[in-house]
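For reference, the structure discussed in these notes is given below.
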Amino acid sequence: MRIIWISDTAPAGLTTDAEYFAGHRLASMRFRIGAPARALARLGVESAFVGLDTPAVLEHLAPGCVDAVVFSKLSTPRGPTYDAFTTAYLGTADHARAHGLAVVVDLVDNVFATERSDFFVELLARADAVTAGTEPLARICRQHARSPVHVVADPVEGDRRPPCFAPPGAGLLRRLGLARSAPPLRLLWFGGQYRNFLALAALFPALGDLAAERPLDLVAVMNRDDRLTRDLEALCDRAPGRITARFAEWSPAAMAGELERCHLVVLPADAHDEMRAVAGANRPARALWAGRAVVAHPLPGYDELRDAALLDADPVGAIRWALAHPAEVAQRIGLGQRIVAARYSPEAIGRRWLEVLESVAPSAPGGTASRS
């Protein structure tokens with residue numbers, strides 16, 4: 001089977017280099033294009049990638065050249081080029097269908113809560129299948145789609161590491177009241193956008209209170225944004241000498257190193273944010289896979305990890321609970337790794353993508369595509 005991935009974040013020209021996407025600074029590019037393409041390649045599926053600014057894009061969409069087209073990571077904002085891009089997307093989908101090719105639309109955000117909703121409704125009307133990153137997002141998509149909507153989660157990144165939760169000042173020391181003079185508890189937050197960081201900033205008062213009980217060291221990993229340094233300095237000012245905090249710019253090596261260094265990953269979220277409410281579990285899955293404990297808000301997309309991560313609307317309270325129950329937390333990490341291996345590994349996600357493609361691509365084994 002041969003497929004073409006179309007994205008406005010793809011480089012100009014046609015390429016077969018999945019590594020461009022697999023190492024991209026945008027997580028959604030890695031999770032929704034790069035990693036699936038690499039996993040599918042191991043299953044015998046050939047992938048090519050093209051941006052809509054490529055003049056010859058339609059030349060590649062013909063029977064014998066490709067079996068299916070996947071629209072993924074469509075992020076063009078409203079502006080001077082918006083109408084041209086959306087017209088090109090819809091025209092490309094129409095061209096593909098007219099030539100007997102399967103059309104798949106992949107969504108990872110609640111685009112129906114944005115000003116671009118009308119365009120995505122039109123695009124879904126042209127799809128033979130829709131893939132959504134989570135079941136909550138899939139339910140929203142089913143309100144607009146005319147074709148089957150499949151849940152395909154984000155694959156986990158990084159290497160599996162042994163479960164470990166042995167922070168200083170936990171367990172007996174905490175019960176004896178000796179945690180206040182223990183070495184710092186090393187916390188890690190990571191994310192892709194400043195708007196996600198704002199949920200962590202909302203915890204600063206509670207983290208200041210926790211620092212009065214025991215020292216804290218917080219690292220925030222994200223793509224560069226000067227606002228983070230300012231905000232982290234404000235956190236340190238809440239408890240001078242009790243909290244240290246720093247920013248680390250995201251890279252694969254930096255992410256792996258900070259996960260290895262930390263005691264616990266904290267991932268708060270704004271449950272009222274319509275975009276975050278459908279978020280996938282890639283961040284808690286990554287932390288568990290690296291052998292680290294996770295405290296996170298109970299987003300619907302995290303539900304499969306409810307017995308592994310500590311999902312609590314009071315993350316700082318959950319940190320206190322974790323420190324009081326280190327043995328149970330270590331067991332939860334091990335359970336989480338088994339869940340991740342079964343449901344979020346690149347191999348599992350590759351097989352899921354293949355199931356979707358085989359259900360619609362006319363030339364695929366068992367393909368059942370139809371044209372209306």
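All but one of (1) at pLDDT 95 or above; (2) at positive phi hold for GLY241; state the number of the condition that does not hold. Among (1) at pLDDT 95 or above; (2) at positive phi, GLY241 violates only (1).
Looking at this structure, is ARG214 in contact with a Gly (Cβ under 7 Å, 6 or more places away or on another chain) and either at pLDDT 90 or above or not small (Gly, Ala, Ser) (or both)? If you could, list the steps in order and put the result at the bottom.
On the way: in contact with a Gly (Cβ under 7 Å, 6 or more places away or on another chain): yes; either at pLDDT 90 or above or not small (Gly, Ala, Ser) (or both): yes.
Yes, satisfied.
Tell me which strands (runs of 3 or more DSSP E) are completely within segment 177-270 and hold 3 or more residues being farther than 23 Å from ALA309 by Cα and open to solvent by 10 Å² or more (accessible area, probe 1.4 Å), or say none if there are none. If you could, list the steps in order and put the result at the bottom.
On the way: elements: 185-190, 216-222, 243-249, 264-267.
Output list reads 243-249.
Summed over segment 331-350, residues that are among the small types (Gly, Ala, Ser) and either at pLDDT below 95 or under 10 Å from ALA39 (Cα atoms) (or both) total 3. Of the residues making up segment 283-338, those that are of a type outside the set (Gly, Ala, Ser), in contact with a Pro (Cβ under 7 Å, 6 or more places away or on another chain) and over 26 Å from ASP273 (Cα atoms) are LEU323, ILE333, GLN337.
The values are calculated or read from the model by the stated rules, or taken from the named source; none is laboratory data. These figures come from a predicted structure and were not determined experimentally. Virtual Cβ from ideal backbone geometry, glycine too; neighbours counted across all protein chains shown. Keep in mind that these areas ignore ligands, DNA and RNA; they rest on the heavy atoms of the full protein, side chains included. Shrake-Rupley method; radii C 1.70, N 1.55, O 1.52, S 1.80 Å.
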